[in-house]
Structure formats: C-alpha cells, structure tokens
Amino acid sequence: MPELPEMEAWRRALNDPVSAFPISKAGPAHIATLKTFDPPLATLEGRRLRGVERRGKRLLFPTADGELVLLVHLMTAGRLKMLGAGENGPKQPAFALEFAGGSRLVLTENAKKKRAGVWLLTPEAAAEEVAHLGPEADTLDAPTLAEILRNDSRRLHPLLRDQRAIAGIGRAWANEILHAAKLSPYALSTDLDDAEAERLADAINNELARGLELRERGASDARTYRVHDRLGEPCHVCGTPLARIDFEEHTIYYCPECQTGGRVLKDRRLSRLLR
C-alpha cells in the first residue's frame, strides 16, 4: 500500500501538472471507485485545480475557486499517473481527468477487489472525511510521540499503523521504522522509556525522509525497503537472516538480533495450523 513517502512523492510530482490547465473532461470512473454522486463529476469540467494536498495516505485536489475538493484514497493497489498529450494509457482506468491541452490524470487498480476510492466533496465535507486522522507522521517530535505512546497501550506495530493515532504509516514503513529504532514490533507502547521513545521518533522522521528521497528519484521497492518483504535475507546492520510473522491481513518483518534480542517471534498463522 502506498504510504506517506509514496503519497508525498506523488503529491510533489502532480502539483504543477494538474494545476496548469482547466479540466476538460471528468471521468470515466469505475462504479466501485467513485464513492459520491452529488455533486456529479461533470461539475469539475471547466474548473482549474489549485494543486495537490496530502493528509495521511490521502491526496486532495481542491479547485482554484475553493468550491470543490477531489479526494483520492489509493488503498492497496491504486496507482496514479500523469499522461502527456497523446501518451498511451490504460484503456479502462478506474478514474481519469482530462485537461485542456490533452494531458490526463489516470488512476489504475490492478486488483480483483476495487478498493481505491474517489470522492468529490465540498471543502467542509472533505475536512470531515479526514478529521479522524492523527498527526502527520513526518511532523512528530519526541515529546508528542511520547504522549501518544503513554496514552495508548498497544503493541508498537499496530499502533504505528493506526491512522487515528499517527497518519501516514502502514505495514511496510512500520517494519522499516521499528528496525531502525531497534524495537520489537511486539513491544508495548507504554513500556518504552524516554530513550526508546526518542529513538522511535528519530527513526520515524529519518526513515520517512529516506523513503521520500528515494521515491522522488523513482526507486523501486527493492531499492527502497531494507527490511520489508526481505524474508531470510541478511540484516543490513548485523547480518542475521530477517524473520517474518504472518497474520491474515498483514505481515511483519523484523531482525531477531537487532530488535528482539535473538528471540524469534511466534508466527500466528503457523501456530493455528499446528494446534
């Protein structure tokens, strides 16, 4: 799933192109992708976008007149691309905007289940749509993070992924951050001392900045992730083979030496099969 580094890289890349020309055609949109019907998409035609904003993992495209906001959530498999005039694109995009001059913004979703979403909202409705999100992960300092940890007793991996607590981090970057902080994904947030909380805050800022820099340069997952999706590969710090914990909906990757003191954590899916 695209997370803060990926979404911020897209925001920066799309900001100028989408605001350069008025929208000449809004749509088509897959019936599962478009989540609103009033106002209709055609209301965008003839208007100019002000640029692109980001809130957590969502992108917001406000119109220059301040009357509408197009909100996009890519979920797991959604992808955005700006096509130049005459450039070939997907025959059936999940969503598309065409601009005067011929450029197009297209959303694709290569998945059986269409989970990506597009909403056309008033600014007030858009604000309500993102009101539940916590502070942006890349703005957290150590005192703010320490307060979040004290007030929410949970294991670190699910806490980092909870958008109501901290906005922008998902499965992959939680793996990278916890490895950089040398903390177990199973550690309880309320058990962290001041030094560990500060180490986690530094890891969040440093890892997200590293990810953004790489994504802006067009780096692939293989070049970007040092822990995530690297089962059995040597840890880049200590050389220990990286381990994995499988759940039904997500997977955690970690280093048994750097993060858990040599202890291999129980694989929940395998444990159920062996009962």
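The values are calculated or read from the model by the stated rules, or taken from the named source; none is laboratory data. Quick caveat: nothing in here was measured; it's all calculated off a predicted structure. Note: ideal-geometry Cβ built from the backbone for every residue, glycine included; neighbour counts use all protein chains shown. Protein only, heavy atoms only, side chains kept; ligands, DNA and RNA dropped before computing areas. Shrake-Rupley method; radii C 1.70, N 1.55, O 1.52, S 1.80 Å.
General remarks:
- Of the residues making up the range 75-97, those that are within 30 Å of GLN163 (Cα to Cα) and not charged (D, E, K, R) are MET75, THR76, ALA77, GLY78, LEU80, MET82, PRO93, ALA94, PHE95, ALA96, LEU97.
- A search for C-beta distances below 6 Å between a residue of the range 56-68 that is modelled with pLDDT of 95 or more and any residue that is small (Gly, Ala, Ser) and not in a strand (DSSP E or B), counting only pairs 6+ apart in sequence or on different chains, returns GLY56/GLY168.
- Lone qualifier among ALA165, ALA111 - being within 24 Å of ILE252 (Cα to Cα) and within 15 Å of the chain's Cα centre (by Cα): ALA165
- Among the residues of the range 139-151, those identified as open to solvent by less than 70 Å² (accessible area, probe 1.4 Å) and either over 23 Å from THR251 (Cα atoms) or modelled with pLDDT under 95 (or both) are LEU140, ALA142, THR144, LEU145, ALA146, ILE148.
- Considering only residues in the range 97-113 that are of a type in the set (A, V, I, L, M, F, W, C) and over 14 Å from PRO17 (Cβ atoms), the one that is surrounded by the fewest Cβ atoms within 10 Å (Cβ to Cβ) turns out to be ALA111.
- When residues in the range 74-90 are screened for being of a type in the set (A, V, I, L, M), within 18 Å of LEU14 (Cα to Cα), open to solvent by 30 Å² or more (accessible area, probe 1.4 Å) and part of a loop (DSSP other than H, G, I, E, B), 1 of them pass.
- Test result for ALA181, closer than 26 Å to ASP246 by Cβ, at pLDDT 95 or above and in contact with a His (Cβ under 6 Å, 6 or more places away or on another chain): no
- Residue, nearest to the chain's Cα centre (by Cα), within the range 114-128, restricted to residues that are buried (at least 19 other Cβ atoms within 10 Å of the Cβ) and outside any strand (DSSP E or B): ALA116
- Taken over the range 1-53, the residue count meeting the criterion of being among the aromatic types (Phe, Trp, Tyr) and under 24 Å from ILE169 (Cα atoms) is 1.
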